[in-house]
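Engineer: For reference, the structure I am asking about is given below.
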Amino acid sequence: MHSRLIATALVASTLALSACANHSSSKSGEHVERMSDKTLLNPETDAPGLKVGDKAPDIVVLNANGASVDLGDLYKQGPVVVTFYRGGWCPFCVRALKDWSGRIDELNAAGGTFVAISPETREHAIETGEKVDGDWLVLVDTNGEAMRAFNTGFALDPATEDRYRGFGINLDDWNTSGEWELPAPATYVIDRDGVIRWAFADWDYKKRADPDLVIAEVRKLSGKTS
């Protein structure tokens, strides 16, 4: 496990140069069917993410311990910050989560709750949380429903899949679904009515939401200025 993570870190600069994965066909018939699903996006033609004013998906997902979590119930406790990350194998995701680990107290004081969603397995999600010292709710997108519902999911093209395998990144083992599907990095601030009040989503996996902007929006919603 540790050797895989070290190897991944060593190729971070190479990953940064690789283009966003295209939405295309695959060798597996089952995978071809999943990739043709209209709820998966094509990074070449589709903009990722839901928009401000959209209703946030009210779906049930699992936490890292396997218990069901109703996102609708979380929204009622709002404001809620929902962020999608690709997995603990991604050095850019790890860096962004580490940045958040130093801001959680500030976010909580502003009245917000932080939720991180990933397609990685529960075991990997727990490892990622320990690695970044994250004190937040981790949710596992077991079948890609969450990233589809939030309009962030896409399937990696065969060339990118082969390149990642060469780096020692095997999403068929890392992802709960076994599929080579990932979310675009995305972060949403959701109010008590389940409405998205602030949104960030970008195909460039090196770009992430600015915690300062997120916390400022949470303060506006909660009415806490400091």
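Just so you know, all these numbers are worked out from the coordinates, no wet-lab data involved. Just so you know, these numbers come straight off a predicted model, no measurement behind them. We place every Cβ from the backbone using ideal geometry, glycine too, and count neighbours over all the protein chains shown.
Engineer: Under a no-solvent Debye model with one identical scatterer per Cα of the stretch 119-197, what's log10 I(q)/I(0) at q = 0.25 Å⁻¹?
Structural biologist: Results for the stretch 119-197 at q = 0.25 Å⁻¹ read -1.28.
Engineer: Just to confirm my numbers, what's the Cα centroid distance between the stretch 112-144 and the stretch 44-80 in Å?
Structural biologist: 14
Engineer: Quick one: what are the phi-derived ³J(HN,Hα) couplings along the stretch 193-199, Karplus 6.51/-1.76/1.60 with θ = phi - 60°, whole Hz, x for glycine and proline?
Structural biologist: After applying 6.51 cos²θ - 1.76 cosθ + 1.60, I find 8, x, 9, 6, 10, 8, 8 Hz.
Engineer: List, in order, the whole-Hz ³J(HN,Hα) value for each residue of the stretch 135-144 obtained from phi through the Karplus relation with A = 6.51, B = -1.76, C = 1.60 and θ = phi - 60°; use x for Gly and Pro.
Structural biologist: 10, 8, 7, 9, 10, 9, 7, 4, 10, x
Engineer: Sticking with this structure for a sec: Using amide H atoms built in the peptide plane, which far-off residues or other-chain residues are under 5 Å from Val69 H to H?
Structural biologist: The answer is Val61, Leu62, Asn63.
Engineer: Sort the following peptides by mean Cβ neighbour count (other Cβ atoms within 10 Å, averaged over residues), highest first: 115-128, 202-215.
Structural biologist: Result, highest mean Cβ count within 10 Å first: 115-128, 202-215.
Engineer: Something else now. Tabulate in residue order the Karplus-calculated ³J(HN,Hα) for the stretch 181-192, using 6.51 cos²θ - 1.76 cosθ + 1.60 with θ = phi - 60°, rounded to whole Hz; enter x for Gly and Pro.
Structural biologist: Couplings: 10, 9, x, 5, x, 8, 9, 10, 10, 10, 8, 5 Hz.
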